[in-house]
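The values are calculated or read from the model by the stated rules, or taken from the named source; none is laboratory data. From a predicted model like this one, the values you see are computed outputs, not experimental measurements. Methodologically, a virtual Cβ is constructed for each residue, glycine included, from the backbone with ideal geometry; neighbour enumeration extends over all protein chains shown. In case anyone asks, the SASA skips ligands and DNA or RNA and just uses the protein heavy atoms, side chains included. Shrake-Rupley method; radii C 1.70, N 1.55, O 1.52, S 1.80 Å.
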Amino acid sequence: MQDRLALLPDVLQCLDGKTVSSKEEWLAVRRPEISELFREHVFGREPEGKPSGLRFETVTEASALNGAAVRKQVVIRFAGPNGEGSFPLLLFIPVQREGAVPAFVLINNRAQDAMDPASPMPNDPFFPAEQLVSEGFAAAVFQTNDIDPDVDDGFKNGVHGILDPISEPRPANAWGTIAAWAWGASRVMDYLETEEGVDANRVALVGHSRGGKTALWAGALDPRFAMVVSNNSGCTGAALSRGKQGETIRDINTRFPHWFSDNYKRYNGREEELPVDQHMLLALIAPRLLYVASASEDQWADPVSEFLSLTAAAKVYRLFGLQALEEQPFPPADSPIARGQTGYHVRTGLHDLLHYDWRCFIEFAKRHMS
Ligand code: GTR
């Protein structure tokens, strides 16, 4: 494990060779530098700031979960140079509450039914609205495909089609589909800031697998998310790329060429030439709460590489005078561990998002955000 950590780019060492030694220097110099490296070489450059014409429309508002929640269907609308776009958000707000409550937002890359208020599955393990509401959290969900289709379509559809300049050839650092979904997560946060039932300062963003990669990039770019959870996010998510088992950069770029910038393809089989590794993505979440989860049989994602990456981000938490999980032996299955701002578990079983995972996220959030 030691050897692998020694091969990583130093999260604190700037491109000019200087090492940052205070949170002020981190925030002023190294943090922006690392975000730029991820933009340029990995995820691509997203449009900055709020889009024009941003507005929210509540389409339905009804009692749900046997009276325990109010269920709202909201449409988030925006405009760009090539027209207008919109996507739906589904939100459950506990009825029993004093003031605004903390919330979990799920980036839903599966379970389309979870979005359908006509046939809600309140206890679906992928989006267990009932479990979240009974623990005092609001539960929100949006669908990745509603933001940008998960296909290699030449970036003609979804938010790319609406926001990208059409005249010029696509630059090699143009944003990919994961960056588009992350952009959607920030628009959801724009809405939550206007929602009186939700405390926008206590919002956790959760994603599984490709959704987990998205949660990390969204959380890195948007400091309004107080907590970020990546579940089984693997390659170009939480897992270190250098020395990774299972899926490699070449594998992911070959099977999902639309997820990242074209520049990222230069690193197929050349992980060691990347100016970043994934512990630096996790470090961008500091000083906020960060929870990484793996599954024991998900060797394609590589739990050990996900855990090592999380411990390698601890240096940055330390700059803020905060505690985080430090280098230590890989924990046994089904034994969540946490220290200060970060938490981790490896669940027995396959690549999936299950009630057990949510229970761990909820417990961690309750300790810090209730
Ligand atoms: C896998 C892919 C992973 C992960 C996952 C998913 O096949 O190789 O990187 O994103 O799919 O999103 O389900």
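Can you find, within region 268-314, the residue that is farthest from the ligand (Cβ to nearest atom) among those that are farther than 20 Å from GLY207 by Cα and in contact with a Phe, Trp or Tyr (Cβ under 8 Å, 6 or more places away or on another chain)? It comes out as GLU273.
None of ALA333, ALA293, ALA338 is outside any loop (DSSP other than H, G, I, E, B), open to solvent by 10 Å² or more (accessible area, probe 1.4 Å) and over 19 Å from LEU27 (Cβ atoms) except ALA338. Any residue that is touching a residue at least 40 places away in the same chain (Cβ under 8 Å), open to solvent by less than 10 Å² (accessible area, probe 1.4 Å) and more than 21 Å from ASN123 (Cα to Cα) - is there at least one of those in region 313-320? Yes, region 313-320 contains at least one residue that is touching a residue at least 40 places away in the same chain (Cβ under 8 Å), open to solvent by less than 10 Å² (accessible area, probe 1.4 Å) and more than 21 Å from ASN123 (Cα to Cα). With respect to the conditions (1) within 16 Å of the ligand (Cβ to nearest atom); (2) touching a strand residue (DSSP E or B) at 6+ places or on another chain (Cβ under 7 Å), TYR344 lacks only one, and its number is (1). Remark: pairs (first residue in region 342-370, free of Cβ contacts under 8 Å to residues at least 60 places away in the same chain; second residue assigned to a helix (DSSP H, G or I) and hydroxyl-bearing (Ser, Thr, Tyr); Cβ separation under 8 Å; 6+ apart in sequence or on different chains) = THR342/TYR317; ARG347/TYR356. Report whether or not LYS265 is over 13 Å from the mean Cα position of the chain (by Cα) and away from the ligand (no atom under 12 Å from the Cβ). It is true that LYS265 is over 13 Å from the mean Cα position of the chain (by Cα) and away from the ligand (no atom under 12 Å from the Cβ). Residues in region 229-240 that are near the ligand (Cβ under 10 Å from one of its atoms) and either out of contact with any strand residue (DSSP E or B) (no Cβ under 8 Å at 6 or more places or on another chain) or aromatic (Phe, Trp, Tyr) (or both): GLY234, CYS235, THR236, ALA239. The listed residues are GLY67, GLY53, and the only one of them that is over 23 Å from the mean Cα position of the chain (by Cα), outside any strand (DSSP E or B) and touching a residue at least 12 places away in the same chain (Cβ under 8 Å) turns out to be GLY67.
Would it be correct to say that ALA226 is within 16 Å of the ligand (Cβ to nearest atom) and under 28 Å from GLY99 (Cα atoms)? Considered against the rule, which asks whether it is within 16 Å of the ligand (Cβ to nearest atom) and under 28 Å from GLY99 (Cα atoms), ALA226 comes out as no. In region 162-210, the qualifying residues are those that are of a type in the set (Val, Ile, Thr) and at pLDDT 95 or above, and the one that is most open to solvent (accessible area, probe 1.4 Å) is THR194. Whether a residue is in contact with a Lys or Arg (Cβ under 6 Å, 6 or more places away or on another chain) and either within 13 Å of the ligand (Cβ to nearest atom) or open to solvent by less than 10 Å² (accessible area, probe 1.4 Å) (or both) was assessed, and GLY243 does not pass this test.
Residues of region 242-269 that are polar (S, T, N, Q), over 18 Å from GLY211 (Cα atoms) and in contact (Cβ under 8 Å) with a residue 60 or more places away in the chain: GLN245, ASN263. The single condition among (1) assigned to a strand (DSSP E or B); (2) more than 16 Å from the ligand (Cβ to nearest atom); (3) not aromatic (Phe, Trp, Tyr) that GLY154 does not meet is (1). For region 181-202, residues that are within 23 Å of ASP357 (Cα to Cα) and under 12 Å from the mean Cα position of the chain (by Cα) total 3. Identify all residues within region 288-337 that are among the aromatic types (Phe, Trp, Tyr) and more than 17 Å from the chain's Cα centre (by Cα); write none if there are none. Those that are among the aromatic types (Phe, Trp, Tyr) and more than 17 Å from the chain's Cα centre (by Cα): TRP300, TYR317, PHE320, PHE330.
Please specify each residue of region 20-50 satisfying the condition of being free of Cβ contacts under 8 Å to residues at least 12 places away in the same chain and assigned to a loop (DSSP other than H, G, I, E, B).
GLU48, GLY49
Quick one: is PHE256 of a type outside the set (S, T, N, Q) and within 16 Å of the ligand (Cβ to nearest atom)? Criteria met by PHE256. With a requirement of 3 or more residues that are within 19 Å of GLU40 (Cβ to Cβ) and touching a helix residue (DSSP H, G or I) at 6+ places or on another chain (Cβ under 6 Å), the helices (runs of 4 or more DSSP H) lying completely within region 199-283 that satisfy it span 210-221, 278-283.
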